[in-house]
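Let me begin by presenting the structure, written as structure tokens, before commenting on it.
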Amino acid sequence: MKQKPIVFSLIREQSTFMTAIMSVLTFLSVLTLGIAIMIGTGAIRMNTSWDLFATVQTTDENDAPKIREILSQNASKIESSNEISNAQMTDLMSPWVSGGSALQKYLPKMWEVKFKTTADLKSVQQQISPYAKFLTHKNALQNPIRAGWYLIAICALVLAVSLGSITVCVSYIAHNTAMLHKRELEILNQIGASDAFVAKQMQIIVARICTRATIFGFIIALPFLFLILSASHSARVGLMAMMDINIFGWILLILLPVAITIFATHITKHTTKNILKNS
């Protein structure tokens, strides 16, 4: 079936400008949302992966046997326990401290322990705390996790600014187009065309432009997302090593350009009707 032609269209400069600006804003929106999903995934993974881990540390050699005894008595609550040897501690401290055999006198005794449940962790913590420093990995990672949530908030702000810019641009173009085609609109009104009909004409124009622009912006954003994922996967430790985008994240990213197009056409309809009502 042959499609009915629209009554009027954007001039070439408007169409080019709108395509370019919508592509850029879609690129920014997809990129910031993708980064927010990556960081959110990393923060959640860090929070859930390390909440059962703890490090036990003492600088008093006399307390070491008591700590070993407590860990042995609570073996049923512990999934794994690893006592760091002096040789391993020397390797760990070597980038910051040097001194050879003299260093052995000052090395702390450390154990890396993974518990079966959070209740087990807290129970053993109460028993060991009087003799050694008990540091859960979750608490130790609170600062990078908190920084991750701050970055997510910044990405959400950039996304909100992008959507706000889309609203301003679409509203301006709809208003400008209505002014340029004021004579055509008057003729349409005279022959009985409703405001809804005119608004639909504008929606068709904007939908066509937005569809092309959002697809282009999404395609351009993909290499950047894959580059960030590649860099994060090569990291060995920290928040970056945990970053990823799962299947639901990719679905959300794919739906974002569709949502932007629907949002732009809705703004076009609302703006056009207001212009026609006030003209």
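Of note:
- GLY164 being at pLDDT 80 or above and assigned by TED's automatic domain parsing to the domain that holds PHE27: yes
- LEU121 assigned by TED's automatic domain parsing to the domain that holds LEU239 and at pLDDT 80 or above: no
- Qualifying residues in the range 229-279 (those that are touching a residue at least 60 places away in the same chain (Cβ under 8 Å) and polar (S, T, N, Q)) - the one farthest from HIS137 (Cα to Cα): SER279
- Scanning the range 126-164 for residues that are under 30 Å from GLY217 (Cα atoms), among the aromatic types (Phe, Trp, Tyr) and either in contact (Cβ under 8 Å) with a residue 24 or more places away in the chain or in contact with a Phe, Trp or Tyr (Cβ under 8 Å, 6 or more places away or on another chain) (or both) yields a total of 1.
- Residues of the range 228-272 satisfying the condition of being surrounded by fewer than 17 Cβ atoms within 10 Å (Cβ to Cβ), of a type outside the set (A, V, I, L, M, F, W, C), farther than 22 Å from LEU25 by Cα and at pLDDT 80 or above: SER230, ASP244, ASN246
- From the list LYS114, LYS122, the one residue that fits, being free of Cβ contacts under 8 Å to residues at least 24 places away in the same chain, of a type in the set (D, E, K, R) and over 23 Å from THR32 (Cα atoms), is LYS122.
The values are calculated or read from the model by the stated rules, or taken from the named source; none is laboratory data. Bear in mind that the values here come from a model prediction, so they are computed numbers and not experimental data. With ideal geometry, Cβ positions are generated from the backbone for all residues, glycine too; neighbour counts draw on all protein chains shown.
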